[in-house]
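Taking it in order: structure first as structure tokens, then the write-up.
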Amino acid sequence: RKISEFLQSPDNEFVKTAIRGLHNWPNMDPLDDLIKLVKNNDNKSIKILALRGYIKILNNFGSYQTPNIIELYKQAINESKNDSEIIMALSGLSGVYTVEAAELVLPYLEDEKLKPEAELALLEILNRARWSKPNEAYDLLLKITQNPSSQDIE
């Protein structure tokens, strides 16, 4: 049987095991199945496992710069229900070296719980992206340094 068949099982334990099997998948193929579970399954633990698997796969492959990686991360963030899931997504975004990724991280500088992770992600993104759009990168760096969460960032 295929893992995708177990994702449809009425037995939640089979579904959870299948999701765990997808967490380390060698490509981004399971993303659609995982996000469907996040959106459509009523079981809270299945939703959490599926979202974490989705984010983990994005984190593993985000540096490959697939054309729609920003949209995939937006979807993950929109479905995130707690700070730890958002932190996972922000951490993954730190490997996407575009100004668009930096702009997606930017609003989280306003949340004191998420600010340290957002700052680290922005610094990593801008360290690489600054050469393609130096003016935009500089403006974003100024936002970080105006009120950093750590003296190490100043």
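The values are calculated or read from the model by the stated rules, or taken from the named source; none is laboratory data. All figures in this text were calculated on a predicted structure; none of them were measured in a lab. Neighbour counts are summed over all protein chains in view; Cβ atoms, including those assigned to glycine, are modelled from backbone coordinates with ideal geometry. What goes into the accessible areas is simple: the full protein's heavy atoms, side chains included, and nothing from ligands, DNA or RNA. Shrake-Rupley method; radii C 1.70, N 1.55, O 1.52, S 1.80 Å.
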Hey, any hits in region 5-25 for a residue that's in a helix (DSSP H, G or I) and within 10 Å of the chain's Cα centre (by Cα)?
no
Is it fair to say Ala89 is among the hydrophobic types (A, V, I, L, M, F, W, C) and under 10 Å from the mean Cα position of the chain (by Cα)?
yes
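Looking at this structure, is Asp42 without any contact (Cβ under 8 Å) to a residue 60 or more places away in the chain, under 19 Å from Asn78 (Cβ atoms), open to solvent by less than 60 Å² (accessible area, probe 1.4 Å) and charged (D, E, K, R)?
On the way: without any contact (Cβ under 8 Å) to a residue 60 or more places away in the chain: yes; under 19 Å from Asn78 (Cβ atoms): yes; open to solvent by less than 60 Å² (accessible area, probe 1.4 Å): no; charged (D, E, K, R): yes.
No: the conditions fail for Asp42.
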